[in-house]
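Report on the structure given below.
Just so it is clear, none of the values below were taken in a lab; they were calculated from the coordinates. Everything numeric here is computed off the predicted structure, so don't read it as measured data. Every residue, glycine as well, gets a Cβ built from its backbone with ideal geometry; the counts of neighbours run over all protein chains shown.
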């Protein structure tokens, strides 16, 4: 009678085949890792990869749950994860990772501001092309290339998004419906497409719904109108090409259509600005916590 169990399989088979994302969910990987010391060490890299994926998607509940169960990730790995989170500007997720980890928090160079005013984009060429109706697609293509580069080499340009919203608000009355549509979908929508996961989830919930109605930010990339804004790399459809997201979390230009948006005053920029200011306050609070921790350690 063969009494071997799953854990008796060769290490390579366990790690490369059994623990593939398509074969086991995170809970099962955790259970296997806790079976004995060997499997604990064997599955640590797999759990770290799962944690990185959760961070990329701003999945706070999953990150918090995994860190509670599996507490001894290498400090260097945790520090690297914190740097990834900071690059995305995900202050709430950074608070989850550093909770109760004063030493880890001290090793992080926290920025003073979430919105870097110097990390922006000049949309004047885009505005001119739209108003003159000349070379619009060529100018938009260059804008997309430029913004892609900014996100890759720096980080997401929150200031550019605020500026784009402000431009739309100012141009709302003088522009035609078609001009409003092009700028909103192709410019604002593309910035929304490039935005980090935590901001996409806020867009899906509705920035207005969060800041004005007190609705908690949801954990989904599905809009109130049903479209997904979980964009696939290289795809030239969906958010930023076919529709954009309004302040209520609806896809405009998609299933909701266009007329419902253009027919009312918009004033989008203040709601986004208010939401980012809330996140800035979270950053200020985290910096204050770090300062207090440093003072306590100095007094010991």
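Once the Cβ-Cβ distance between residue 79 and residue 171 is put in as r, and R0 is 51 Å, what FRET efficiency do you end up with, to the nearest 0.05?
The formula returns an efficiency of 0.70 here.
Say a paramagnetic label sat at a point 7 Å from the Cα of residue 25, along Cα to Cβ; which residues of the range 72-102 have their backbone N under 18 Å from it?
Inside the label zone: nothing.
So, in nm, how far is label residue 44 from label residue 242 when the simple model puts each one 7 Å beyond its Cα toward the Cβ?
4.6
Return the FRET efficiency for the residue pair residue 72, residue 284: r is the Cβ-Cβ distance, R0 is 35 Å, and the value is rounded to the nearest 0.05.
After rounding, the FRET efficiency stands at 0.70.
From a point 7 Å beyond the Cα of residue 277 in the direction of its Cβ, which residues of the range 207-238 have a backbone N at a distance under 17 Å?
207-214
Full-extension gain between residue 104 and residue 152, please, as 0.36 nm times their residue separation minus the C-alpha to C-alpha distance.
14.7 nm
Compactness ratio of the range 87-202: Cα Rg over 2.2 N^0.38 Å, N = residue count?
The range 87-202 yields a ratio of 1.28.
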